[in-house]
1. Ratio of alpha-carbon Rg to the 2.2 N^0.38 Å globular estimate for the chain, to two decimals, please.
2. Would you mind calculating the relative contact order of the chain from Cα pairs under 8 angstrom and at least 6 residues apart, reporting the percent as a whole number?
3. Sum -39500 (n - 2.57) across every DSSP H segment of at least 4 residues in the chain, then divide by the residue count to get the 222 nm mean residue ellipticity, nearest 500.
4. What whole-number value in Å² describes the accessible area per residue of the chain for a 1.4 Å probe?
5. Which residue, Asn59, Asn19, Asn36, has the most motion in a Gaussian network model of the chain that connects Cα atoms within less than 10 Å?
6. Placing +1 on the Cβ of each Lys and Arg and -1 on the Cβ of each Asp and Glu in region 1-113, which of Ser87, Ile17, Ile1 has its Cα farthest towards the positive end of the resulting dipole?
7. Of Ala91, Ala29, Ala53, which has the largest mean-square fluctuation in a 10 Å C-alpha GNM of the chain?
8. Summarise the accessible area of the chain (1.4 Å probe, protein heavy atoms) by the percent that is carbon and sulfur.
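The values are calculated or read from the model by the stated rules, or taken from the named source; none is laboratory data. Model, not experiment: these values are computed from the prediction. Ideal geometry is used to build each Cβ from the backbone, glycine not excepted, and the neighbour counts take in all protein chains shown. Areas reflect the complete protein model, heavy atoms only, side chains present, ligands, DNA and RNA absent. Shrake-Rupley method; radii C 1.70, N 1.55, O 1.52, S 1.80 Å.
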Amino acid sequence: IKKIDVLKYIKSKNRLIINALSKEYFNQASIPHSFNLYYKEAEKMSKTQINNAIKKMVNNHESIKKLIKKYNLKLKDIPIIVYCYNSSCDASIMLANILFSHGYTNILDYEGGIIDFLGR
């Protein structure tokens, strides 16, 4: 997806946005209202740990909680955007693949990452 789509999703608050980089990078720069799940940590997590991490994000995102209730969504159907540093970074694709392997189905990759988002 492109930056314009991300901005639309941020405004509508209808997607969980996840940064796939380390906490250190996430703390330096991240998309507003996004969460962090480092793909290298996710690789080592069990299905239950992944689900718990996503549940924790959902519990901290009121709009997503309302969306789940309104449409009776299952955890694995929650709309998610993953992103990383820039278009040459593959951390977001790695995280998307991990989430797919755990049954998550509604994932978009913001390929431009934080660099594109910040316009650098």
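1. On the way: Rg = 13.2 Å, N = 120, 2.2 N^0.38 = 13.6 Å.
Rounded to two decimals, the normalised Rg is 0.97.
2. On the way: 181 pairs, mean separation 38.8, N = 120.
Over the chain, the number comes to 32 percent.
3. Working: 7 runs with 62 residues, N = 120.
Helix-only estimate at 222 nm: -14500 deg cm²/dmol.
4. On the way: 6930 Å² over 120 residues.
Per-residue value: 58 Å².
5. The residue that fluctuates most here is Asn59.
6. Ile17
7. For the chain, modelled as a Gaussian network with Cα springs under 10 Å, the answer is Ala29.
8. Numbers: 3470 of 6930 Å².
Whole-percent figure for carbon plus sulfur exposure: 50.
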